[in-house]
Amino acid sequence: AFPGEKVSGKRMYFAAAYYNDKVFFAPHSADKIAIYDTVNDEIKMIAFDINSTLKFDKNMKFADIVVFGESVFFIGATYPYILKIDAETYRLEYITIDTEEQFLFRKGGCIMGESFFVPSVISNVVLEFNMKTKQVRLYKIPCEFKGSWSMCTDGKYFWLIPRSKGTGFIRWDKE
């Protein structure tokens, strides 16, 4: 059980990442980030902005976590920010996902260089997040694509796995 969260909650945490004897849990329907210290056997709960004026699905906040250096990045599923947490101080930083496009990001992204890429499950949008510069870029793939469950890269092209039957794989060159 996570302190302060619903014991019988559904999909409370969707992803976890390990860094320096700590496990970071990305809240999906939970209201706080959970960090489990494996050495001291303690759980720390970190609050973040879930203000009612923000537009996102309260049951699908974050979908993935990426560790880069001493930073842990929580990738929003429907939450309009990427959260950066300093793995040592737990200081939070909000990085805006600025788009008019509807998106739903899930697990299934990939890393190329300093960037994390993840496709939207409900549209032909791909998010690129540079973990060093903290720049967010959104690409709209120019095709009749209805979303992708996941993607991988061969170093030049990205390969997207379709959400819908009959659309086939997409080979995408971001350039």
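The values are calculated or read from the model by the stated rules, or taken from the named source; none is laboratory data. Treat the numbers as computed from the prediction; the structure is a model and nothing was measured. Reconstructed Cβ throughout: ideal geometry from the backbone, glycine too, with neighbour counts over all protein chains shown. Quick note on the areas: whole protein, heavy atoms, side chains included, nothing else; ligands and nucleic acids left out. Shrake-Rupley method; radii C 1.70, N 1.55, O 1.52, S 1.80 Å.
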What does the net charge come to around Phe116 if you take all other residues with beta carbon closer than 14 Å to its beta carbon, with K and R at +1 and D and E at -1?
+4
Mind checking the stretch 1-92 for trypsin sites (Lys or Arg not before Pro) that DSSP puts in a loop (not H, G, I, E or B) and that have at most 16 other Cβ atoms within 10 Å?
Lys6, Lys10, Arg11, Lys55, Lys58, Arg91
So, for the stretch 1-145, what is the accessible surface per residue at a probe of 1.4 Å, expressed in square angstrom?
50 Å²
Taking H placed 1.01 Å from N in the peptide plane, check which residues at least 5 places from Ser148 or on another chain put their amide H under 5 Å from its amide H.
Ser120, Val121, Ile122, Ser123, Arg163
With equal scatterers on the alpha carbons only and no solvent term, can you work out the Debye log10 of I(q)/I(0) for the chain at 0.13, 0.16 1/Å?
-0.64, -0.95
Heavy-atom accessible area of Val23 with all protein chains present, probe 1.4 Å, nearest 10 Å²?
30 Å²
Between Ala1 and Asp98, what's the calculated FRET efficiency when r is the beta-carbon distance and R0 is 45 Å? Round to 0.05.
0.80
Relative contact order for the stretch 21-66: what percent, with Cα pairs under 8 Å and sequence separation of 6 or more?
39 percent
Computing the accessible area with a 1.4 Å probe over protein heavy atoms, can you report the carbon and sulfur percentage for the stretch 42-175?
48 percent
So which of Lys10/Lys132; Lys10/Lys84; Lys6/Lys84; Lys32/Lys55; Lys58/Lys107 end up more than 22 Å apart, counting from Cα to Cα?
Lys10/Lys132; Lys10/Lys84; Lys6/Lys84
Report the FRET efficiency, 1/(1 + (r/R0)^6), for Ser150 and Lys10, where r is their Cβ-Cβ distance and R0 is 25 Å, rounded to 0.05.
0.65
